[in-house]
Amino acid sequence: MVNLLFFGRLGDFAADVPASIEASTPAQIRELLAADFPALGAELHEPQVLVSVNQMIVSWNQKLAEGSEVAFLPPVTGG
Amino acid sequence: MVNLLFFGRLGDFAADVPASIEASTPAQIRELLAADFPALGAELHEPQVLVSVNQMIVSWNQKLAEGSEVAFLPPVTGG
Amino acid sequence: MNSLRIQAEDFDLAAEYQSLRQLSLAVGAVVTFTGLVRDFEGQGSIDSLSLQHYPGMTEKLLQEIVDQANSRWNLLGTSVIHRVGKLLPCDQIVFVGVASQHRADAFEAAQFVMDYLKTKATFWKKVEQDGQQYWVESKDSDQAASQRWANDD
Amino acid sequence: MNSLRIQAEDFDLAAEYQSLRQLSLAVGAVVTFTGLVRDFEGQGSIDSLSLQHYPGMTEKLLQEIVDQANSRWNLLGTSVIHRVGKLLPCDQIVFVGVASQHRADAFEAAQFVMDYLKTKATFWKKVEQDGQQYWVESKDSDQAASQRWANDD
C-alpha cells in the first residue's frame, strides 16, 4: 500500500478518494483512480501535473516501495 | 564676479581660496587658481574633475554670467 | 545565518531587518522583499486568499533554494518567511531578506529566491471573491523569471 | 508618492516600509535597500565616515533619478533617504524603498536608484581610520553597475 496526497485544485476532486492504495507506479495509481473518479482522472492527466514520491519529484513510471508517500502536485503558485 | 565651491578632496586644497573671483569661464578660473595655488591647480586638472555652473554640469569653456555659482566636483561616492 | 519559516502568523519586517543588519560588522547591504495580498487586476478586489503547502517538502525545497543562493552569491545572511492559511487583502504573504557586503549580491540573491519561490516551492493559492472560490494559476511571467537564472549557468 | 530626504538624522526602516505598504490596495511588492557603514575590507575597521553633499544640486539629481525610475517602471511609490555628516560603523547610510504591483518593477527600480546614487549624486565620503583621514575613491564596479542601465535603452 502507498499513501496518497492531493494538493491545490486536485484536492477538490479527491474528497472521496481512499487515503492509501495498492499500486506499483504513479501511472498505475492514476489509471486506478481514473476508473472510479473520472473527473480526478482527467485532472491528473493534465501535462503540468507532477508526481512526487517521498517528497521527491519522480517520473510516472517510478517503482513504488511499500509505505511510500505519493503526492499529486498541480502547478505551484507561491510567493 | 562668480562664487566658488569646492567639494570632496578638492576642499582640502582650497582652504585659502577666495569665495569669489572675476573670470569668464571655468577654464580661466582654473588657470587663475593654479597660479596662486599650484597643488589645487594640479587637482583641478585631473580628468575626472567636473565643473558645474548654477548646479548644472557644464564644459570648462562655458561662459559665466555675473553672480554664477561655480562648483568643482571630484568623482562622487554616494550610497 | 539562514532562517527559514513557514507559518500562519504574521511577521515583523523590522525585527527581521534588525537581525540581518546586526549579523556582523561586514554587513554593508540589506535587501528586503515583502509580498502582499493585493486586489487582482482586472478582476475586482478579492475577499481572501488561502495558502496551502506540502509540509515537509516545502521546507526541503526552501532549503535547497537558499543553499543555491549561498553558493551563487557572497551572502552574510538570509531570512525567508512564507505564510500559509487564510489571508486578507493587504496582509503580508512572504518575506525575503538578504544581508551581504556589497549590494549587488543582496539584490540578486533576493530576486533569485523570490523567482524560485514563485515557481518551484510547493505552495498553492485559492482566492475567494464574490462568494466564489478558485485556484490561482501560475503565471508565464513567473516561469520566465525563474528560467532566467538557469540560463546564467 | 515619492519621498526624498537628505538628512543628518538616522531613519526608521519600519516606518518607511509601512508608508509604502499602505499606499494603496494595489501594492503587491515592497523592496527595501539599506546601506550600512561597514569595515573596509582588507584595510581593517574604520573609526568614522563623514558624508558631504552639495545642497541644492543633490536634491535636484535625486529627483531626476526617481523621475527616471518612474518613467522606466510601473511604480506605486518610492522613498529615498541619504544621510550626511559623521557616521560610525554599523550606522545606516542610505535607504531606498519601492512599492509596486509586481515584484520585478520594485526590484529593478530599487537597484537602478542605488546604482545612480553611487555614481551620479553629489555625495563625497571621507574615512577616518587610525588617526588618518582619506577621501573614498569611487569604484569601477559602481561605474559599471550604473552603465548597465544606459545600455538597456
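The values are calculated or read from the model by the stated rules, or taken from the named source; none is laboratory data. Computed from a prediction, not measured in an experiment: that's the story for all the values here. FYI the Cβ positions are ideal-geometry reconstructions off the backbone, even for glycines, and counts take in every protein chain you see.
Do we find a residue being within 10 Å of chain C (Cβ to nearest Cβ), at pLDDT 95 or above, in contact with a Phe, Trp or Tyr (Cβ under 6 Å, 6 or more places away or on another chain) and surrounded by 17 or more Cβ atoms within 10 Å (Cβ to Cβ) anywhere in region A:9-28? Within region A:9-28 (the criterion being within 10 Å of chain C (Cβ to nearest Cβ), at pLDDT 95 or above, in contact with a Phe, Trp or Tyr (Cβ under 6 Å, 6 or more places away or on another chain) and surrounded by 17 or more Cβ atoms within 10 Å (Cβ to Cβ)), the answer is yes, since at least one residue qualifies.
Looking across region D:80-98, the residues that are facing chain C (nearest Cβ under 10 Å) and free of Cβ contacts under 8 Å to residues at least 60 places away in the same chain come down to D:P89, D:C90, D:I93.
Regarding A:E31, is this residue in a loop (DSSP other than H, G, I, E, B), farther than 26 Å from C:Q63 by Cβ and more than 9 Å from chain C (Cβ to nearest Cβ)? I'd like the intermediate steps shown before the answer.
On the way: in a loop (DSSP other than H, G, I, E, B): no; farther than 26 Å from C:Q63 by Cβ: yes; more than 9 Å from chain C (Cβ to nearest Cβ): yes.
Answer is no for this residue.
Taking region B:62-79, which residues are within 30 Å of D:A110 (Cα to Cα) and buried (at least 20 other Cβ atoms within 10 Å of the Cβ)? Of everything in region B:62-79, those that are within 30 Å of D:A110 (Cα to Cα) and buried (at least 20 other Cβ atoms within 10 Å of the Cβ) turn out to be B:A71, B:F72, B:L73, B:P74, B:V76, B:T77, B:G78, B:G79.
Considering C:V80, C:V113, C:V96, C:V27, the condition of being assigned to a loop (DSSP other than H, G, I, E, B) and closer than 21 Å to D:A110 by Cβ is satisfied by C:V27 alone. Listed by first and then second residue, the pairs with beta-carbon distance under 6 Å, at least 6 apart or on different chains, first residue in region A:26-47 and under 16 Å from A:V70 (Cβ atoms), second of a type in the set (D, E, K, R) and in a helix (DSSP H, G or I), are A:L44/A:R30.
Yes or no, residue by residue, for (1) within 11 Å of chain B (Cβ to nearest Cβ); (2) touching a residue at least 60 places away in the same chain (Cβ under 8 Å); (3) within 30 Å of C:G44 (Cβ to Cβ):
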residue: D:Y17; (1), (2), (3): no, yes, yes
residue: D:G28; (1), (2), (3): no, yes, yes
residue: D:V31; (1), (2), (3): no, yes, yes
residue: D:L51; (1), (2), (3): yes, yes, no
residue: D:V66; (1), (2), (3): no, yes, no
residue: D:W73; (1), (2), (3): no, no, yes
residue: D:T78; (1), (2), (3): no, yes, yes
residue: D:T122; (1), (2), (3): yes, yes, no
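Flag: A:R30 matches the condition of being basic (K, R) and within 11 Å of the chain's Cα centre (by Cα). Right, C:V84: farther than 30 Å from B:G79 by Cβ and at pLDDT 95 or above or not? Criteria met by C:V84. Candidates in region D:124-153 are the residues that are away from chain B (no Cβ under 11 Å) and part of a loop (DSSP other than H, G, I, E, B); of these, the one that is nearest to B:G11 (Cα to Cα) is D:G131. Being under 30 Å from C:V96 (Cβ atoms) and either without any contact (Cβ under 8 Å) to a residue 12 or more places away in the chain or part of a helix (DSSP H, G or I) (or both) is the requirement here; does A:L10 meet it? Here the answer is yes, as A:L10 does meet what is asked. Can you confirm whether region A:50-61 contains a residue that is buried (at least 17 other Cβ atoms within 10 Å of the Cβ) and either among the hydroxyl-bearing types (S, T, Y) or part of a helix (DSSP H, G or I) (or both)? Looking through region A:50-61, at least one residue is buried (at least 17 other Cβ atoms within 10 Å of the Cβ) and either among the hydroxyl-bearing types (S, T, Y) or part of a helix (DSSP H, G or I) (or both).
Condition check: under 19 Å from C:A121 (Cβ atoms), surrounded by 15 or more Cβ atoms within 10 Å (Cβ to Cβ) and not hydrophobic (A, V, I, L, M, F, W, C). Does C:H53 satisfy that? Spelling it out, C:H53 is indeed under 19 Å from C:A121 (Cβ atoms), surrounded by 15 or more Cβ atoms within 10 Å (Cβ to Cβ) and not hydrophobic (A, V, I, L, M, F, W, C).
Out of curiosity, is B:A71 part of a helix (DSSP H, G or I) and of a type outside the set (D, E, K, R)? Show your work before the answer.
Values: part of a helix (DSSP H, G or I): no; of a type outside the set (D, E, K, R): yes.
In short, no.
Scanning region C:99-110 for residues that are more than 14 Å from chain A (Cβ to nearest Cβ) and in a helix (DSSP H, G or I) yields C:R103, C:A104, C:D105, C:A106, C:F107, C:E108, C:A109.
For (1) over 17 Å from the mean Cα position of the chain (by Cα); (2) not β-branched (V, I, T), each residue gets a yes or a no:
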| site | (1), (2) |
| --- | --- |
| D:S48 | yes, yes |
| D:Q52 | no, yes |
| D:L87 | no, yes |
| D:V94 | no, no |
| D:S100 | yes, yes |
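Just a yes or no: is a residue in region C:44-51 out of contact with any Gly (no Cβ under 6 Å at 6 or more places or on another chain) and within 20 Å of D:T34 (Cα to Cα)? So far as region C:44-51 goes, no, none of its residues is out of contact with any Gly (no Cβ under 6 Å at 6 or more places or on another chain) and within 20 Å of D:T34 (Cα to Cα).
With respect to the conditions (1) assigned to a helix (DSSP H, G or I); (2) more than 10 Å from chain D (Cβ to nearest Cβ); (3) surrounded by fewer than 21 Cβ atoms within 10 Å (Cβ to Cβ), C:L62 lacks only one, and its number is (3). Return yes or no: is A:N3 within 14 Å of another protein chain (Cβ to nearest Cβ), polar (S, T, N, Q), out of contact with any helix residue (DSSP H, G or I) (no Cβ under 8 Å at 6 or more places or on another chain) and touching a residue at least 40 places away in the same chain (Cβ under 8 Å)? So A:N3 passes the test. Restricting attention to region C:22-45, the residues that are within 21 Å of the chain's Cα centre (by Cα) and surrounded by 19 or more Cβ atoms within 10 Å (Cβ to Cβ) add up to 10.
Restricted to region A:50-69, and to residues that are of a type in the set (S, T, N, Q) and free of Cβ contacts under 8 Å to residues at least 60 places away in the same chain, which residue is nearest to the other protein chains (Cβ to nearest Cβ)?
Among them, the one singled out is A:Q55.
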